[in-house]
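Encoded as structure tokens, the structure appears first; notes follow it.
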Amino acid sequence: MQEGAGLLGWLGSTALADAMRTSLWLYPIVEIVHIAGFTLLVGAIAMFDLRVLGWSRSLPVDQLGRFLLPWSAAGLLLIVPAGLMMFSAHPHDFASNRVFLLKLSLIAAAGINALLFHTGVYRTVAAWNAERTAPMTARLQALASLALWITVICCGRLLAYT
Ligand code: HEM
């Protein structure tokens, strides 16, 4: 099942993939690292989005962003290697799993939404940094961000059942 041609076949035949399939503890430990990573990433993003949506208006948005951004980056540094390790254990199964493909597409959409936010309306943050309602664009992007990341988590959890 794991052999076969191409990148997926190679990935599934590596020693790491074999260890992920045969070791009693490696896969669960790697999954815990994955969970810790997205708790940091989505937790940091959600706190920033809730501030943009109007919670804790006295808290300067830019200061909160400077505090949370490194934590979300740290989360990604845990999520991606752990995710790839779990993927390597059953690459053909995950690559042909529609929920997994949806999850990756939603992650890409959330990344594009964040990029558009930071290169767009966030450049005007000085005008709505504290005690002001954020522009409608910023609030809509914060809502989209929350919805996308919650759906990514749902897809991730549902993987075990599909
Ligand atoms: C970037 C944001 C990501 C989030 C928020 C996320 C979230 C999740 C969640 C909630 C689970 C279920 C964990 C559980 O219930 O035990 C999961 C599982 C999984 N994730 Fe991710 N994930 C992310 C990125 C990735 C990436 C980039 C990959 C690989 C390329 C990946 C591969 C996997 C795999 C293979 C599983 C299945 C584990 C299993 O059930 O056996 N994830 N993810």
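The values are calculated or read from the model by the stated rules, or taken from the named source; none is laboratory data. In this text the structure is predicted, and so the values were computed from the model without any measurement. Cβ sites come from the backbone with ideal geometry, for glycine too, and all protein chains shown count toward neighbours. The accessibility values were calculated without ligands, DNA or RNA, using every heavy atom of the protein model including side chains. Shrake-Rupley method; radii C 1.70, N 1.55, O 1.52, S 1.80 Å.
Data table
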| item | result |
| --- | --- |
| Any chance Phe100 is touching a Leu at 6+ places or on another chain (Cβ under 7 Å), surrounded by 13 or more Cβ atoms within 10 Å (Cβ to Cβ) and among the aromatic types (Phe, Trp, Tyr) | yes |
| Flag if Arg157 is among the basic types (Lys, Arg), free of Cβ contacts under 8 Å to residues at least 40 places away in the same chain and near the ligand (Cβ under 9 Å from one of its atoms) | yes |
| All helices (runs of 4 or more DSSP H) inside segment 1-91 with 1 or more residues being over 21 Å from the mean Cα position of the chain (by Cα) and modelled with pLDDT under 95 | 6-12 |
| Cβ-Cβ under 8 Å pairs, at least 6 apart or on other chains, segment 111-130 side under 19 Å from Ser58 (Cβ atoms), far side open to solvent by 70 Å² or more (accessible area, probe 1.4 Å) | Ala130/Arg57; Ala130/Ser58; Ala130/Leu59 |
| Qualifying residue in segment 107-125 (condition: under 30 Å from Leu7 (Cβ atoms) and open to solvent by less than 30 Å² (accessible area, probe 1.4 Å)) | yes |
| Candidates Thr151, Thr133 - the one that is near the ligand (Cβ under 10 Å from one of its atoms) and either open to solvent by 40 Å² or more (accessible area, probe 1.4 Å) or not polar (S, T, N, Q) (or both) | Thr151 |
| When residues of segment 60-76 are limited to those that are among the aliphatic types (A, V, I, L, M) and either closer than 20 Å to Cys155 by Cα or surrounded by 14 or more Cβ atoms within 10 Å (Cβ to Cβ) (or both), the one nearest to the ligand (Cβ to nearest atom) | Leu76 |
| Tabulated pairs, segment 23-52, first over 16 Å from Leu78 (Cβ atoms) and within 12 Å of the ligand (Cβ to nearest atom), second of a type in the set (Phe, Trp, Tyr) and modelled with pLDDT of 95 or more, C-beta under 9 angstrom, 6+ apart or interchain | Ala46/Trp149 |
| Residue within segment 100-115 that is out of contact with any Phe, Trp or Tyr (no Cβ under 9 Å at 6 or more places or on another chain), outside any helix (DSSP H, G or I) and farther than 19 Å from Ile153 by Cα present | no |
| Check on Ser88, open to solvent by less than 60 Å² (accessible area, probe 1.4 Å) and among the small types (Gly, Ala, Ser) | yes |
| Criterion (over 17 Å from Gly37 (Cβ atoms) and touching a Leu at 6+ places or on another chain (Cβ under 9 Å)) met by exactly one of Ala73, Ala126, Ala130 | Ala130 |
